[in-house]
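Before any comments, here is the structure.
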Amino acid sequence: MAELDINWVRAQFPAFSEPTLQGQAFFENAGGSYTCKPVIDRLTRYYTQRKVQPYAPYEASRLAGEEMDEARARLAAMMGVETDELSFGPSTTQNTYVLAQAFRQHLSPGDAIVVTNQDHEANTGPWRRLADEGFEVREWQIDPDTGNLDPAALDDLLGDGKVKLVCFPHCSNVVGEINDVKTICAKARMAGAYSCVDGVSYAPHGFVNVDALGADIYLFSAYKTYGPHQGIMVIRRALGEALPNQAHYFNEGCLYKRFTPAGPDHAQVAASAGMADYIEALAKHHGATGDPADLAAASHTLMRDHEVKLLQPLLDFASAKNSIRLLGPSVAANRAPTVSLVSAKPGEDLATALVPKGIMAGGGDFYAVRALEAQGVDPAHGVLRVSFTHYTTAEEVTKLIDALDQVL
């Protein structure tokens, strides 16, 4: 496949032509990405032409409902799952909380859950609180030097057959290493456990095929994948039908409504189809063909190849700099372009120092308190986190490296 056409890509994001953002390189994408034009256009159209109660017989309402259904169908097709296996919620944090309540009702005395200390707190906290209900919570711990989550270490946690659920991140929002999701899910299944994958920090770098990964649950946030502020959740049918209904009793028979007790944000759900518009257009612009899953896979490859190429010089710089510690792998092929740096200066101070140099980045603990503490980093001191996606240019990475060299 051809090399990523960065000029075409950036033309799909209005932020890059916004006068107030000129001269600033955006390196806090792990906190939320710029929004692509198809999403903005769909959101604007919905609010101006469809802002009525959907699914009624009159035209505006009919179109409103069709656009909501379109979003679910197209995103599910991209991810290799059935349409009703994908649902929307107000956030991934809320979706995870609802799932935890369903498992609280579903589990039996003596059952155990595996969590990690590599996670963002939103994915680990709700599961850990099930210990208050009498369930055993086992922690799969990272290597304190590397931040690595070793799949081999999972075997001992699964050995006695009591574990019914394994919760882990596709990649950490501070370590950045991409975990072997397929292997981990297979291990869980062999042990008689379900798998819940937090994809929030990975999904911005390519929509995954959930069926190919073998995950029972896959969660991510649309506002980090160029879309609106929605949590997107895939629950495979066998598990979704086995868990207790968390919605209105009369919605129990509808799989995509079972775990969304709040009503949907009609406009944002409809606008989410714009993410599919963008991903498919990106693939086709570069010569890809095939069904939605094929096009999503092609875009995934384009994104990752570009990101890896840009990421390695940044990792080389960080690895060679004696005044900082790089968290996670130093090889770009094995990590997302989310880079956390520890120095004598607090993370927030470093982020502030980068502002006059035209770099937008973040500092702090990023709700990954357990992961930082496990690696010997004081969360109050925090890290500088610089993160980018496929719309970042090589020139912006060079600008970042030069700025880091000055402030460090």
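The values are calculated or read from the model by the stated rules, or taken from the named source; none is laboratory data. Bear in mind the structure is a predicted one, so any value in this text is a computation, not a measurement. Neighbour counts run over all protein chains shown; Cβ positions are idealised from the backbone, glycine included. The accessibility values were calculated without ligands, DNA or RNA, using every heavy atom of the protein model including side chains. Shrake-Rupley method; radii C 1.70, N 1.55, O 1.52, S 1.80 Å.
Here are the numbers:
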quantity	calculated
Enumeration of residues in the range 183-221 that are open to solvent by less than 20 Å² (accessible area, probe 1.4 Å), among the aliphatic types (A, V, I, L, M) and assigned to a helix (DSSP H, G or I)	I184, A188, A203, V210
Residues of the range 240-257 satisfying the condition of being among the aromatic types (F, W, Y) and either open to solvent by less than 30 Å² (accessible area, probe 1.4 Å) or without any contact (Cβ under 8 Å) to a residue 24 or more places away in the chain (or both)	Y249, F250
Any hit, the range 368-380, residues being β-branched (V, I, T), farther than 22 Å from K399 by Cβ and modelled with pLDDT of 95 or more	yes
Those residues of the range 152-193 which are over 27 Å from L243 (Cα atoms) and not small (G, A, S), in sequence order	N173, V174, V175, E177, I178
All positions within the range 364-387 that are open to solvent by 20 Å² or more (accessible area, probe 1.4 Å) and outside any helix (DSSP H, G or I)	D365, F366, Y367, G376, D378, P379, A380, H381
Test result for Q94, of a type in the set (S, T, N, Q), open to solvent by 40 Å² or more (accessible area, probe 1.4 Å) and touching a strand residue (DSSP E or B) at 6+ places or on another chain (Cβ under 9 Å)	yes
The one condition in (1) within 30 Å of A288 (Cβ to Cβ); (2) open to solvent by 30 Å² or more (accessible area, probe 1.4 Å); (3) not assigned by the TED database to the domain that holds F220 that N29 fails to fulfil	(2)
Some residue of the range 287-299 being in contact with a Phe, Trp or Tyr (Cβ under 8 Å, 6 or more places away or on another chain), over 16 Å from A71 (Cβ atoms) and open to solvent by less than 40 Å² (accessible area, probe 1.4 Å)	yes
Unique match (being open to solvent by 40 Å² or more (accessible area, probe 1.4 Å) and within 18 Å of Y218 (Cβ to Cβ)) among D119, D150, D180	D180
I142 vs. criteria under 21 Å from the mean Cα position of the chain (by Cα), modelled with pLDDT of 95 or more and farther than 30 Å from S272 by Cα	yes
Within the range 54-105, tally of residues that are basic (K, R) and in contact (Cβ under 8 Å) with a residue 60 or more places away in the chain	2
Those strands (runs of 3 or more DSSP E) lying entirely in the range 37-155 with at least 3 residues more than 30 Å from N334 (Cβ to Cβ) and not assigned by the TED database to the domain that holds A271	none
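Conditions tested, residue by residue: (1) of a type outside the set (D, E); (2) under 27 Å from K187 (Cβ atoms).
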site	(1), (2)
D216	no, yes
P228	yes, no
G231	yes, yes
A242	yes, yes
A247	yes, no
N251	yes, no
L255	yes, yes
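Conditions tested, residue by residue: (1) assigned to a helix (DSSP H, G or I); (2) open to solvent by 30 Å² or more (accessible area, probe 1.4 Å); (3) in contact with a Pro (Cβ under 8 Å, 6 or more places away or on another chain).
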position	(1), (2), (3)
V342	no, no, no
E348	yes, yes, no
T389	no, no, yes
V397	yes, no, yes
D405	yes, yes, no
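For (1) closer than 30 Å to K37 by Cα; (2) not assigned by the TED database to the domain that holds H106, each residue gets a yes or a no:
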residue: R237; (1), (2): no, no
residue: Y249; (1), (2): no, no
residue: G263; (1), (2): yes, no
residue: A271; (1), (2): yes, no
residue: A281; (1), (2): yes, yes
